[in-house]
1. Grab the other residues whose beta carbon is less than 14 angstrom from that of LEU231, score K and R as +1, D and E as -1, and report the net.
2. In Å and on Cα atoms, what radius of gyration and Dmax does region 44-129 show?
3. Calculated from the structure, Cα extents along the principal axes in Å equals which of [x] 85, 68, 35; [y] 60, 43, 42; [z] 79, 73, 35?
4. Could you tally the net charge around ALA62, taking each other residue with its Cβ under 15 Å from the Cβ of ALA62, Lys/Arg +1 and Asp/Glu -1?
5. Please compute the contact order of the chain in relative form: average sequence separation of alpha-carbon pairs under 8 Å and at least six residues apart, divided by the residue count, as a percent.
6. Helix 220-249 against the longest principal axis of the chain: what's the angle in degrees, Cα atoms only, rounded to the nearest 10?
7. Using a simple spin-label model with points 7 Å from Cα along the Cα→Cβ vector, what separation in nm is obtained for ILE36 and ALA298?
8. For region 76-117, just the Cα atoms, rotate onto the principal axes and tell me the three extents in Å, largest first.
Amino acid sequence: MATSAVTRRTPPQPTAIGIGKRTRSVATFVGFVLLILVAWVGVKLLGGDPWRSIGATAGAPAIWTPPFQWGFASDLNLPHIWTIAYALGQPFQGSERVSLAEYLFGAALYTWREAAIGFLLGTALGLILATLFVHSKLLERAFVPYVVASQTVPIIALAPMIVFALGQGVMSVVVIATYLTFFPVTIAMIRGLRSFDPRALELMRSYAASDREVYWKLRWPASQPYLFTALKIGATASIVGAIIGEDTGGIQAGLGRIITTFNSYYITGPEKLWAAILVASLLGLTFFACIRAAEQLALRGRPPVGDA
């Protein structure tokens, strides 16, 4: 038997491609963070207040005097990075033994629990609405405009109304987090549940497949990339909703009230507010990373939405 003269190239393995993409993503993120830190230090170096040792008083000798004086780069408006890091290791209040880092970590866990409940409820609500809409044109035309219009009301204005209706407490916070989560899931899944190959639907109809079988064997698998895209948006939105809800709902244990309290005493300790904002940002990034890891596990070998 003659050997074929055509040389077949072995396509790159999906695992290797995935590892390469993840490595580039991590490198890009790390590079972006380092760029922010370098810019931060550079601004303080050129136009901030005179540099002094950590913990030194205002009258202590300066170790560096910047050549310019920029108001936005003062120690009150933009503390040094190492000042924020130093504050994280100090007692959060007076003679307390608990450090600011431990205090903020406990508050972040409390906020995350509220956000996670709202995230799950918002995801379930979004899936139910999207499923109803793709199976009923009448319902879609009647209610989708209201779903879109619901997001035009600023959450900072809607949160007090929710608290007034449900009362101060965790329930109000969960409802606010649910409100911010359900919308991206609903809109993404309306498109995702219709993203299947029409020829596959014709084939299933030829075998007399029921609507339930079409949903679970065709619509649902095709919608997974859209679902995870929406979940990543909803994860960060739920954190924002929980923080806003905690402030409005009078929750003392979460990040929302801590941020408000530190903001009230900003002049005496701006680094504390910056530390709280940093922890809130890390909480959102961590939640996003968890959803991203679940996406990588669930969609192994499948290209993300929009990839060729």
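Just so you know, all these numbers are worked out from the coordinates, no wet-lab data involved. Computed from a predicted structure; not experimentally measured. Here the Cβ positions follow ideal geometry from the backbone for every residue, glycine too, while neighbour counts run over all protein chains shown.
1. +1
2. According to the Cα coordinates of region 44-129, Rg and Dmax are 20.3, 64 Å.
3. After the calculation, the listed value that fits is [x].
4. 0
5. Reported as a whole number, the value is 19 percent.
6. Here the helix axis deviates by roughly 30 degrees.
7. Modelled inter-label distance: 2.7 nm.
8. 36, 26, 14
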